[in-house]
Amino acid sequence: MAIKGKITFPGDKSISHRALMFAALADGESRISNLSTGADVQSTRKCLEACGIQIEDDGDDVIVAGGQFSDPDNLLDCGNSGTTTRLLLGLLAGQGINATLIGDASLSSRPMNRILDPLSKMGLIAGSNDGKLPVTIHKSNLKGIDYHSPVASAQVKSAVLLAGLGAEGKTTVTEPILSRDHTEKMLAGVGAHISINGLSTTISKLKAQLNPIHITVPGDPSTAAFFTVAAAIVPDSEITLDRILRNPTRIGFYGALQKMGAGMDCLETWEEAGETIGKLKVFHLPLKGITITKDDVPRLIDELPIIAILATQSEGETEVRGAEELRVKECDRIYAVCKNLKTMGADIEELDDGFIIQGPTHLKGAEIETFHDHRIAMAFTIAGLVADGDVILDHPECASISYPEFYDELERLAQ
Ligand code: S3P
């Protein structure tokens, strides 16, 4: 069996959430094509609808009628989605909305003080379950702040900037290492007053509504990473990824893969709506281990589970450090990766802030605990392609959080 063919992906999850939210703030009708098909983005859509924003399907496109937000009648259910929760907290705080946000068991165990701390410094009156969901926010008069975030997190940065759209004066966020910059790029594109100075971004209170958005969301590079690794580790494989987002803050994984020696040709790149997009060919070649440090992490944070699988098929040592944020994702991804890879026979050492893998290993089939985490489910399905015996996931359906078509597409390309 080899992995062969051409594949395009539904829209990038991070850009999809933001496109819906910024369209909701716009004056008039926005059209979004190739929106992410994952359940997380549906959570954002449903929450916005519950706050009075009209969103309709038009064929494969989504039409958003931007307008006034209103207090939701019911609890806002953010499902499994950290991005929905954290960005909405900032956005709704800036719009003076009273609301209570809830989520599933995984989301309800994730830290929200990283958002609530800066927002309360801005004047937001909020209550939480000891820094976790449910979180209730009350209409408050916000004022701009100069916030230095202790974590390199696009969710923190975006939440503060979105609150800043409704805060008196200017709001500045400085982060320790640059995280994904879609909020800055997209807000600048729809008329917000935003300026960037190194690691600091400053936004001013909105004087008029944003301009409507017309966007075809580029393919999700984090989803594409699973297929990329499949092609890199299964002998005789070659795939072409078309219309993939190539934003520099998102392609750390592709740089790492290149350093590991995978066959990779960038066939084409172009600019669209302020983002770089590309067409990429990936093929199997012998791989070698690499070191990933704290500075690399924000650009490949979501790809670390699949990088661990890649490392088991690479000659020598792969060391990942400075990735303690992985412990507060949809599950504790350091633990989940180490536990499951050990069951498959890999040589992996768990660190507080990452892991060390010695490769290559011949993986064996095993029962995998996904912890209901989409990226763990997809990463271990790919590991199964090179394992002796079957890989059996306890909850394969959780892949639909970001990519409902994952198993069908993998089957189509496996020849
Ligand atoms: C995201 C930011 C990252 C990432 C998540 C999506 C975003 O989270 O892991 O999948 O869209 O802003 P952090 O901001 O917590 O690093």
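Any chance the stretch 97-112 includes a residue that's surrounded by fewer than 21 Cβ atoms within 10 Å (Cβ to Cβ) and part of a helix (DSSP H, G or I)?
yes
Taking the condition open to solvent by less than 50 Å² (accessible area, probe 1.4 Å) and within 15 Å of the chain's Cα centre (by Cα), does D296 pass? Walk me through how you get there before you give the answer.
Values: open to solvent by less than 50 Å² (accessible area, probe 1.4 Å): yes; within 15 Å of the chain's Cα centre (by Cα): no.
Here the answer is no, as D296 does not meet what is asked.
Determine the pairs where a residue that is among the small types (G, A, S), located within the stretch 355-369, has a partner that is surrounded by fewer than 17 Cβ atoms within 10 Å (Cβ to Cβ) and part of a strand (DSSP E or B) with Cβ atoms under 7 Å apart, the partner being 6 or more residues away or on another chain.
G359/E315; G359/G316; G365/D388
For the subset of the stretch 42-89 comprising residues that are hydroxyl-bearing (S, T, Y) and closer than 13 Å to L20 by Cα, which member is nearest to the ligand (Cβ to nearest atom)?
Of the stretch 42-89, the ones hydroxyl-bearing (S, T, Y) are 43-44, 70, 81, 83-85.
With the extra rule that they be closer than 13 Å to L20 by Cα, the set shrinks to 43-44, 83-84.
Details: S43: 13, T44: 10, T83: 4, T84: 10 Å.
Per the criteria, the residue is T83.
Under 9 Å between Cβ atoms, which residue pairs at least 6 apart in sequence (or on different chains) link something in the stretch 254-276 that is aromatic (F, W, Y) with a partner that is at pLDDT below 95?
As it stands, the answer is none, since no pair meets every condition given.
Going by what's in this entry, would A192 be described as in the same structural domain as K143 (by TED's automatic domain parsing) and either without any contact (Cβ under 8 Å) to a residue 60 or more places away in the chain or of a type in the set (D, E) (or both)?
Working: in the same structural domain as K143 (by TED's automatic domain parsing): yes; either without any contact (Cβ under 8 Å) to a residue 60 or more places away in the chain or of a type in the set (D, E) (or both): yes.
Yes, satisfied.
Would you please name the residue that is nearest to the ligand (Cβ to nearest atom), looking only at residues in the stretch 117-141 that are surrounded by 22 or more Cβ atoms within 10 Å (Cβ to Cβ) and part of a helix (DSSP H, G or I)?
Applying the filter and picking the extreme gives P118.
Would you check which residues across the stretch 36-59 are of a type in the set (A, V, I, L, M), within 16 Å of A24 (Cβ to Cβ) and open to solvent by 20 Å² or more (accessible area, probe 1.4 Å) and list them?
Looking only at the stretch 36-59, we keep the residues that are of a type in the set (A, V, I, L, M), and these are 39, 41, 48, 50, 53, 55.
Pick out the ones that are also within 16 Å of A24 (Cβ to Cβ) and you get 41, 48, 50, 53, 55.
The answer is A50, and nothing else.
Name every residue in the stretch 142-184 that is touching a residue at least 40 places away in the same chain (Cβ under 8 Å), assigned to a loop (DSSP other than H, G, I, E, B) and more than 16 Å from the ligand (Cβ to nearest atom), in order of residue number.
Result: L142, G144, L165, G166, A167.
Can we say I102 is farther than 20 Å from R18 by Cβ, touching a helix residue (DSSP H, G or I) at 6+ places or on another chain (Cβ under 8 Å), more than 14 Å from the ligand (Cβ to nearest atom) and among the β-branched types (V, I, T)? So that I can check it myself, show each step before the final result.
On the way: farther than 20 Å from R18 by Cβ: yes; touching a helix residue (DSSP H, G or I) at 6+ places or on another chain (Cβ under 8 Å): yes; more than 14 Å from the ligand (Cβ to nearest atom): yes; among the β-branched types (V, I, T): yes.
Yes; evaluated as a whole, the condition is true for this residue.
Which of the residues belonging to the stretch 309-349 are touching a residue at least 60 places away in the same chain (Cβ under 8 Å) and within 16 Å of the ligand (Cβ to nearest atom)?
If we filter the stretch 309-349 for residues that are touching a residue at least 60 places away in the same chain (Cβ under 8 Å), which is where we start, we get 309-310, 312-313, 325, 328-331.
E325, V328, K329, E330, C331, listed by residue number.
Would it be correct to say that A192 is assigned to a loop (DSSP other than H, G, I, E, B), more than 14 Å from the ligand (Cβ to nearest atom) and crowded, with 19+ Cβ neighbours inside 10 Å?
Numbers: assigned to a loop (DSSP other than H, G, I, E, B): yes; more than 14 Å from the ligand (Cβ to nearest atom): yes; crowded, with 19+ Cβ neighbours inside 10 Å: yes.
Spelling it out, A192 is indeed assigned to a loop (DSSP other than H, G, I, E, B), more than 14 Å from the ligand (Cβ to nearest atom) and crowded, with 19+ Cβ neighbours inside 10 Å.
Could you tell me which of the residues E315, E275 is charged (D, E, K, R), open to solvent by less than 20 Å² (accessible area, probe 1.4 Å) and over 24 Å from R327 (Cα atoms)? Walk me through it before giving the result.
On the way: E315 fails: open to solvent by less than 20 Å² (accessible area, probe 1.4 Å).
None of the other options fit; the residue is E275.
The values are calculated or read from the model by the stated rules, or taken from the named source; none is laboratory data. Because the structure is a prediction, the values reported are computed rather than measured. Ideal geometry is used to build each Cβ from the backbone, glycine not excepted, and the neighbour counts take in all protein chains shown. Note: areas computed on protein heavy atoms with side chains; ligands, DNA, RNA excluded. Shrake-Rupley method; radii C 1.70, N 1.55, O 1.52, S 1.80 Å.
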